[in-house]
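A short worksheet on the structure shown next.
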Amino acid sequence: MEPVKVAAVQAAPVLLDRDQTLGKVVALAEQAAAEGARLVAFPEAFVPGYPDWVWRTRPWDAEATALYARLFDQAVTVGSPATDVLAETAGRLQIWLAVGVDERDGGDSTIYNTLLHFAPDGSLAGRHRKLMPTGGDWLSRGNTTIIGPGGILYAEIDARQARAARQQFDPAGHYGRSDVLRLAVDTTPRSAASFGRRDEAAEPAPHRPGEVD
Amino acid sequence: MSALRVAAVQAAYVLMDRDATIDRVAELTAAAAREGAQLVVFPEVFVPGTPIWIDTQPIWEGDEDWFGLLAANAVVIGSPATERLAAIAAQHQVWLAVGVDEREEHGGTIYNTVLYFSPQGVLAGRHRKLVPTGSERTVWGMGDGSTLRVVDTGLGRIGGLTCWENYMPLARFHLYSQGVEVWIAPTLAVGDGWIATMQHLARENRMFVVGVNPVLHTDQIPAGFPHRERLLPPGFVERNGPWLEEGNTVVVAPSGTVLAGPVREREETLVADLDLTTIAIQRRHLDPAGHYNRPDVFRLHVDTSPRPAVVETPDTSLTQAPAAPPNVAAAQNGQ
């Protein structure tokens with residue numbers, strides 16, 4: 001594995017404007033790719049921006065509700081033209097592209113703080129919904145006010161160095177104590193409802209403690 | 001304000017001399033108590049010190065006499081050494097946390113252990129380090145899950161992990177779930193990276209953190225130490241400086257703000273007043289074992305049972321009365 005150049009983009013979104021913000025993502029990714037970056041990372045909830053008002057308004061005031069409606073309208077649905085643009089950009093530039101979005105499901109009204117990972121082959125290779133919003137985050141769903149001009153930080157990263165460093169310390173390996181401390185993770189997808197005939201498996205995905213215990 | 005006054009003692013041990021080092025514990029604890037300290041914390045394996053040869057020499061090369069000294073000066077729980085430490089805590093009416101090289105009475109393995117003594121002179125807690133680091137694995141064994149308990153002092157809940165154990169997230173989480181308020185991190189770790197770790201832990205669990213290091217200057221190696229001339233290879237001091245342990249003692253607030261230290265390259269006791277009422281207020285932001293956890297997704301299983309190497313099952317077939325037939329037993333139980 002060769003060293004790889006990564007780009008961390010600190011930039012301002014066009015607040016609550018999904019398409020214009022996507023335009024900035026594409027332009028900045030092109031700039032970073034031209035500099036040789038193979039992984040380009042954007043901030044939390046970059047598209048269409050962080051609902052900064054949750055920290056400065058009273059929850060559920062009319063003003064905040066109007067802003068929420070706007071955020072909802074501009075949120076990103078996976079599988080929509082918005083994610084197609086991001087996937088196409090990753091494929092065209094042959095980069096890994098990580099972008100934080102305000103995500104909503106096609107069918108519901110809840111917004112998630114989600115990080116999307118697009119691969120150089122133009123596929124959506126990973127998606128992470130933040131597990132626990134912080135404080136005021138709760139009020140919209142899920143700190144990205146850039147003071148002054150944005151910019152792109154570049155770094156040359158050699159994963160071999162990380163592996164070599166783990167000779168000293170490997171918390172999930174030789175410096176773990178799985179005989180004493182064991183983490184069980186329930187990776188079952190959880191939907192609020194499931195539909196089917198009574199004589200078929202209409203139950204939500206069963207919780208199988210035996211598998212995670 | 002319910003403040004706890006803590007003293008973090010950065011001092012030099014008397015290398016591989018248990019009794020002389022306990023003399024130092026007595027004198028430094030007395031000084032801290034005079035300043036009003038209610039909790040006095042000493043560094044990792046302070047009694048009788050760090051087996052420094054593991055980092056100055058290739059492993060097991062000419063270290064026989066040094067390891068022999070370590071074994072002979074290790075601290076056995078329930079021996080006169082721990083009785084002296086308990087008496088020091090009682091005499092000065094303080095909680096005393098002190099790192100020791102521990103061994104079982106008839107054991108050949110040394111453990112890296114922190115002992116907690118109450119102002120009543122009782123050994124109230126004990127933690128054996130779970131995983132020694134690098135070259136430490138050539139001198140220390142591993143603790144089991146039975147010594148991962150937070151101690152309720154009545155002044156605050158104290159507990160912690162030793163040195164790089166602090167980088168074990170599952171062990172941290174286990175102690176966080178017990179409501180630890182003052183985190184004790186005896187360590188040998190030096191440099192700014194370690195201070196960042198202490199600040200990270202404080203912010204992670206919104207608690208006070210007391211990181212305590214020893215110091216040892218090359219001049220403090222006892223004159224009569226065996227093979228003293230071999231202990232430091234040629235060029236060692238030129239490359240590494242004269243401090244074998246340079247110190248890094250620090251006290252951090254739940255916000256991550258450094259309250260005292262870090263102090264380096266000298267002996268010094270840091271004294272700080274910890275206002276424990278701020279912890280609950282800070283945890284409204286972040287409570288990693290409470291509202292900022294997702295127990296539906298993550299669940300930690302901890303085996304806290306002591307793990308002795310041998311469990312004996314005595315053969316009682318010759319001495320026990322024969323068991324009553326099952327029907328008789330059931331009748332007697334009214335079933």
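The values are calculated or read from the model by the stated rules, or taken from the named source; none is laboratory data. Everything quoted here is computed from the prediction, not taken from an experiment. Neighbour counts are summed over all protein chains in view; Cβ atoms, including those assigned to glycine, are modelled from backbone coordinates with ideal geometry. Just the protein is used for accessible areas: all its heavy atoms, side chains included, with ligands, DNA and RNA removed. Shrake-Rupley method; radii C 1.70, N 1.55, O 1.52, S 1.80 Å.
Test B:Ala309 against the criterion of being hydrophobic (A, V, I, L, M, F, W, C) and open to solvent by less than 90 Å² (accessible area, probe 1.4 Å), and give yes or no. Against the criterion (hydrophobic (A, V, I, L, M, F, W, C) and open to solvent by less than 90 Å² (accessible area, probe 1.4 Å)), B:Ala309 does not qualify. Within this structure, A:Glu30 passes the test of being within 30 Å of A:Pro120 (Cβ to Cβ), surrounded by fewer than 16 Cβ atoms within 10 Å (Cβ to Cβ) and modelled with pLDDT of 95 or more. A search for C-beta distances below 6 Å between a residue of segment A:179-192 that is under 16 Å from B:His301 (Cβ atoms) and facing chain B (nearest Cβ under 7 Å) and any residue that is of a type in the set (Val, Ile, Thr) and surrounded by 11 or more Cβ atoms within 10 Å (Cβ to Cβ), counting only pairs 6+ apart in sequence or on different chains, returns A:Leu181/B:Val302; A:Ala184/A:Val212; A:Asp186/A:Val212; A:Asp186/B:Val297.
Need a quick list: helices (runs of 4 or more DSSP H) entirely within segment B:53-117 having at least 2 residues that are out of contact with any Gly (no Cβ under 9 Å at 6 or more places or on another chain) and either farther than 26 Å from B:Phe236 by Cα or among the acidic types (Asp, Glu) (or both).
B:64-73, B:80-92
Scan B:Asp303, B:Asp275 and give me the residue that is of a type in the set (D, E, K, R), open to solvent by less than 50 Å² (accessible area, probe 1.4 Å) and within 14 Å of another protein chain (Cβ to nearest Cβ). Matching residue, one of B:Asp303, B:Asp275: B:Asp303. Could you tell me whether any residue of segment B:282-293 is assigned to a loop (DSSP other than H, G, I, E, B) and closer than 30 Å to B:Asp17 by Cα? So far as segment B:282-293 goes, no, none of its residues is assigned to a loop (DSSP other than H, G, I, E, B) and closer than 30 Å to B:Asp17 by Cα. If you check B:Arg266 against the conditions, is it within 30 Å of B:Ala7 (Cβ to Cβ), exposed (fewer than 14 other Cβ atoms within 10 Å of the Cβ) and either in contact with a Cys (Cβ under 6 Å, 6 or more places away or on another chain) or away from chain A (no Cβ under 14 Å) (or both)? It is true that B:Arg266 is within 30 Å of B:Ala7 (Cβ to Cβ), exposed (fewer than 14 other Cβ atoms within 10 Å of the Cβ) and either in contact with a Cys (Cβ under 6 Å, 6 or more places away or on another chain) or away from chain A (no Cβ under 14 Å) (or both). Note on segment B:126-165: among residues that are open to solvent by 10 Å² or more (accessible area, probe 1.4 Å) and of a type in the set (Lys, Arg), the one that is nearest to the other protein chains (Cβ to nearest Cβ) is B:Arg137.
The one condition from (1) closer than 30 Å to A:Ala164 by Cα; (2) open to solvent by less than 60 Å² (accessible area, probe 1.4 Å); (3) of a type in the set (Phe, Trp, Tyr) that A:Phe72 does not meet is (1).
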